[in-house]
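Enquirer: Got a structure for you, written out below as C-alpha cells; questions coming shortly.
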Amino acid sequence: MSRRFILLTVLALQGCAGTVDSEEAALPVKVVYASGQCGSLNRPEAVWIADTEAWRRWYMQVMSLRMEPPPLPAVDFPREGVLLIAMGQQTTGGYGLSLTGAPATVQNGVLTVPVEWREPLPGYVQTQVMTNPCLLAKLPEGAFSRMRVVDQDGRTRLEGGR
C-alpha cells in the first residue's frame, strides 16, 4: 500500500469519527429549585455539580437566606448532575429564571440549556430590592466539557466549563 492511500484512509476515518461528535443528543431537564433570592450568588455563572459533596456545598449556599431550608434533594451521582444557573445580584425586582420545557442538548461537547430569562422592561417602575435569581436543574450525565445557557430568544446568557 502506498503512504498516500494510508494517509487518505486515516483522514477519512477521522472525518467519520468527527461526524459522530457533531450529532445532537437531547437530555431531559428537571427543576430542582428556582428562586429570586439565592444566597450569596452575586455574580452570573453556570456551574456543573457532579458529586455529593459539591452538591451539599452549593445547595447550602443557595439556601443560606432561608430560615429553614428544605432537605437536600436526592441526585443519583454519577448518573446525573445538577446545573446551577445564577443571574448574579440585581438591584431591582422583576428578574427570574425558569426552564422553557425544551430539552437540553449536547453537541460537539457543549451542553446547551434553554431557559426563560426574565428581566424587567425598561422604563417600568420596579421594587428597589437586591435579588439574586438562580435555578438548579437536574440532568442526566452527558459527554460534554462546556456548558451554554441560552434564553428564550436563543441568545447565549452564560457559558462555563466542567
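The values are calculated or read from the model by the stated rules, or taken from the named source; none is laboratory data. Note that the structure is predicted; figures quoted are calculated from it, not measured. Every residue, glycine among them, receives a Cβ derived from its backbone with ideal geometry; neighbour counts consider all protein chains shown. With ligands, DNA and RNA removed, areas are computed over all heavy atoms of the protein, side chains included. Shrake-Rupley method; radii C 1.70, N 1.55, O 1.52, S 1.80 Å.
Enquirer: With over 27 Å from ARG57 (Cβ atoms) and in a strand (DSSP E or B) as the only criterion, which of THR127, THR105, THR112 stands out?
Expert: Of THR127, THR105, THR112, the one residue that is over 27 Å from ARG57 (Cβ atoms) and in a strand (DSSP E or B) is THR105.
Enquirer: Among the numbered criteria (1) open to solvent by less than 40 Å² (accessible area, probe 1.4 Å); (2) more than 12 Å from the chain's Cα centre (by Cα), which single criterion is violated by ALA86?
Expert: Checking ALA86 against (1) open to solvent by less than 40 Å² (accessible area, probe 1.4 Å); (2) more than 12 Å from the chain's Cα centre (by Cα), the one that fails is (2).
Enquirer: Applying the selection to segment 31-67, what residues are more than 11 Å from CYS134 (Cα to Cα) and among the acidic types (Asp, Glu)?
Expert: Matches in segment 31-67: ASP51, GLU53.
Enquirer: Of PRO69, PRO44, PRO73, PRO28, which residue is at pLDDT below 95 and either open to solvent by 40 Å² or more (accessible area, probe 1.4 Å) or not hydrophobic (A, V, I, L, M, F, W, C) (or both)?
Expert: Only one candidate qualifies: PRO69.
Enquirer: Looking at TYR95, is it touching a strand residue (DSSP E or B) at 6+ places or on another chain (Cβ under 9 Å), buried (at least 19 other Cβ atoms within 10 Å of the Cβ) and over 24 Å from GLN152 (Cβ atoms)?
Expert: no
Enquirer: For residues that are in contact (Cβ under 8 Å) with a residue 60 or more places away in the chain and touching a Lys or Arg at 6+ places or on another chain (Cβ under 9 Å), scanning just segment 74-84, find the one that is farthest from ASN132 (Cα to Cα).
Expert: Result: GLU80.
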